[in-house]
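*Asks:* One structure, pasted below without further comment.
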Amino acid sequence: MRILRPLAALLSAAAVVVLTACGSGADESATRAEIQTLRIGVIGTGNVLTGTLGFAHQRGALLPALQPLGVRNIEVFSFPNGPDLNQALVGGKLDVASYGDTPALIARGSGLQTRLLAVNAVGLNAGVVVKDPSITSLKDLAGKKIGVPSGSYIDRYLQGALREAGVQAELIHLLSADSEAPLNNGDIAAAALPDVNPSSFLQSFLAKGFRLIDSVRANHPGLGGTTSAVSSQAFLDTHPEFGPAWQAILTEANAYAKTHWDDYVNYEVGQSKAPEAVVRATATPSYIPDALFPEEGVRLLTGTKQFLVDQGKIRKDFDLEDWFYRTGKPKQG
């Protein structure tokens with residue numbers, strides 16, 4: 001795998017430029033005749049593939065499974081958030097995107113021709129942490145500033161939780177990696193953080209003494225997040241064998257990780273910069289689905305989509321079944 005240096009703050013246009021400059025073949029479009037180098041976009045830093053597919057890649061199982069499709073190399077590109085990744089995907093600079101449900105749904109609801117290959121993970125936890133001892137619940141955050149990565153599943157959870165509590169607060173776009181200092185100096189009253197590896201921010205903040213006042217798992221199980229594997233319709237039309245192959249690879253990778261759980265958690269420990277105890281506390285077998293479109297995942301996607309429609313972030317509602325890429329229904333409705 002070719003590793004590229006991450007940028008701390010990557011704008012959409014800059015992301016496209018970076019990908020254009022770093023491609024491997026003469027034809028870099030999604031509709032190129034041969035894949036050769038598969039380009040995968042992820043959220044985070046380090047330009048590495050994580051999760052069960054990252055585990056499969058580390059143990060040497062991913063590239064051989066893709067070689068019958070003409071894939072000789074895999075490049076991974078990291079983005080700070082979903083909107084930037086969406087720009088690269090629909091611009092033909094990526095072949096597959098692995099990211100949260102909220103930006104994936106917004107992209108499809110904005111008219112971008114994408115297809116959901118699978119739900120990568122389901123029921124992701126997130127939580128709100130504070131430093132001020134006088135803040136004990138979401139109601140204490142009324143009128144206060146809360147840092148949250150905008151456009152993420154954490155953002156969707158936070159807005160839903162505040163609405164359920166009848167609380168109006170000022171939401172500040174803030175990446176999880178940048179939240180500690182504003183919390184410590186009082187620039188924000190709280191931060192909403194993800195609880196998923198390899199970026200185990202929620203557990204890391206708790207280990208540093210910040211207090212948890214609300215979470216998906218404890219208070220709002222219906223607001224759990226999912227992650228998505230998405231490709232453009234143009235790429236799938238050009239390479240009709242890719243969708244079924246990717247789904248088969250993911251199914252095998254998930255099954256292997258669940259049946260070799262200790263090895264998988266050790267892999268997650270090695271992928272994360274967080275302390276080992278934090279990573280092990282974050283690792284959750286229930287995050288790994290047993291099906292491409294599990295019932296729980298579809299339920300969470302349905303709720304998230306409706307929330308985004310109500311918020312006006314999805315401009316045009318759509319049928320999830322038309323978005324799902326199923327073997328018997330390769331074309332979008």
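*Asks:* For the stretch 128-183, compute Rh as the Kirkwood radius over C-alpha pairs and then the Stokes-Einstein diffusion coefficient at 20 °C and 1.002 mPa s; write the answer in µm²/s, rounded to an integer.
*Replies:* The estimated diffusion coefficient comes to 185 µm²/s.
*Asks:* ³J(HN,Hα) across the stretch 251-263 via Karplus (A = 6.51, B = -1.76, C = 1.60, θ = phi - 60°), whole Hz, x for Gly/Pro?
*Replies:* In residue order, the calculated couplings are 4, 5, 4, 5, 5, 5, 4, 6, 8, 10, 4, 4, 5 Hz.
*Asks:* Now for a separate question. Per residue, how large is the accessible surface of the chain? Use a 1.4 angstrom probe and give square angstrom.
*Replies:* On the way: 13940 Å² over 333 residues.
So the chain comes to 42 Å² accessible per residue, rounded to a whole number.
*Asks:* Moving on to the next point. Averaging over every viewing direction, what projected area does the convex hull of the Cα atoms of the chain cover, in nm²?
*Replies:* Details: hull surface 62.4 nm².
About 15.6 nm², averaged over all directions.
*Asks:* If you wrap the stretch 101-149's Cα atoms in a convex hull and average its projection over all directions, what's the area in nm²? Could the numbers behind the result be given before it?
*Replies:* Numbers: hull surface 21.6 nm².
With every direction weighted equally, the projected area is 5.4 nm².
*Asks:* Still on this structure, please answer the following. Accessible area, 1.4 Å probe, largest first: how do Thr251, Thr102, Thr259, Thr284 sort? Don't skip to the end; give the middle numbers.
*Replies:* On the way: Thr251 70, Thr102 5, Thr259 105, Thr284 30 Å².
So the residues, ranked largest to smallest area, are Thr259, Thr251, Thr284, Thr102.
*Asks:* Which value does Rg/Rh take for the stretch 123-216 over its C-alpha atoms, Rh per Kirkwood?
*Replies:* Details: Rg = 11.6 Å, Rh = 12.8 Å.
Rounded to two decimals, Rg over Rh is 0.91.
*Asks:* A further question on this structure: If the chain between Trp261 and Gln306 were fully stretched, how many nm would it gain, using 0.36 nm times the residue separation less the Cα-Cα distance?
*Replies:* Details: separation 45, 0.36 × 45 = 16.20 nm, distance 3.44 nm.
Computed gain between Trp261 and Gln306 is 12.8 nm.
*Asks:* Cut-off under 15 Å on the C-alpha distance; same-chain residues fewer than 8 positions from Lys93 excluded. Which aspartates and glutamates are left, in chain and number order?
*Replies:* Asp27, Glu28, Glu34, Glu75, Asp84
*Asks:* Keeping every protein chain in place, order Arg211, Arg163, Arg280 by accessible area at 1.4 Å, biggest value first, i.e. largest first.
*Replies:* Largest to smallest exposure gives the sequence Arg163, Arg280, Arg211.
*Asks:* Once each part is reduced to its C-alpha centroid, what is the distance from the stretch 96-149 to the stretch 257-333 in angstrom?
*Replies:* First find each Cα centre; the distance between them is then 12 Å.
*Asks:* Add -39500 (n - 2.57) for each DSSP H run of 4 or more in the chain, then divide by its residues: what number comes out at 222 nm, to the nearest 500 deg cm²/dmol? Mind dumping the intermediate values first?
*Replies:* Numbers: 15 runs with 135 residues, N = 333.
My calculation for the chain gives -11500 deg cm²/dmol from helical runs alone.
*Asks:* Check the straight Cα-Cα distances from Lys305 and name the lysines below 17 Å, setting aside those fewer than 8 residues away within the same chain.
*Replies:* Lys313, Lys316
*Asks:* Related question: Take every Cα pair under 8 Å in the stretch 169-289 that's 6+ residues apart, average their separations, divide by the length, and report that relative contact order as a whole percent. Write out the running numbers ahead of the final one.
*Replies:* Working: 75 pairs, mean separation 39.1, N = 121.
For the stretch 169-289, the relative contact order is 32 percent.
*Asks:* What is the projected area of the convex hull of the Cα atoms of the stretch 211-333, averaged over all directions, in nm²? Don't skip to the answer; put the middle values down first.
*Replies:* Values: hull surface 40.7 nm².
One quarter of the hull surface, i.e. the mean projection, equals 10.2 nm².
*Asks:* Please list Asp178, Asp140, Asp155 from largest to smallest accessible area, probe radius 1.4 Å, with all protein chains kept in place. Could the numbers behind the result be given before it?
*Replies:* Working: Asp178 85, Asp140 55, Asp155 10 Å².
These residues rank, largest area first, as Asp178, Asp140, Asp155.
*Asks:* Give the cross-link partners of Lys273 among the aspartates and glutamates, using a straight C-alpha distance below 19 Å as the criterion and excluding same-chain residues fewer than 8 apart.
*Replies:* Filter leaves Asp178, Glu180, Asp195, Asp262, Asp263.
*Asks:* Turning to a different aspect of this structure: Cβ under 9 Å from Phe77's Cβ, Phe77 left aside: what net charge do those residues give with Lys, Arg +1 and Asp, Glu -1?
*Replies:* Details: positive: Arg39, Lys93; negative: Glu75.
In short, +1.
*Asks:* On to the next question. How large, in percent, is the carbon and sulfur part of the accessible surface of the chain at a probe radius of 1.4 Å?
*Replies:* Working: 7480 of 13940 Å².
Solvent-exposed carbon and sulfur of the chain make up 54 percent of the total.
The values are calculated or read from the model by the stated rules, or taken from the named source; none is laboratory data. Predicted model, so just to flag it, every value in this text is computed and none were measured. As a convention, Cβ positions derive from the backbone with ideal geometry for all residues, glycine included, and neighbour counts pool all protein chains shown. Each accessible area value is taken on the protein alone, full model and side chains, heavy atoms only, with ligands, DNA and RNA left out. Shrake-Rupley method; radii C 1.70, N 1.55, O 1.52, S 1.80 Å.
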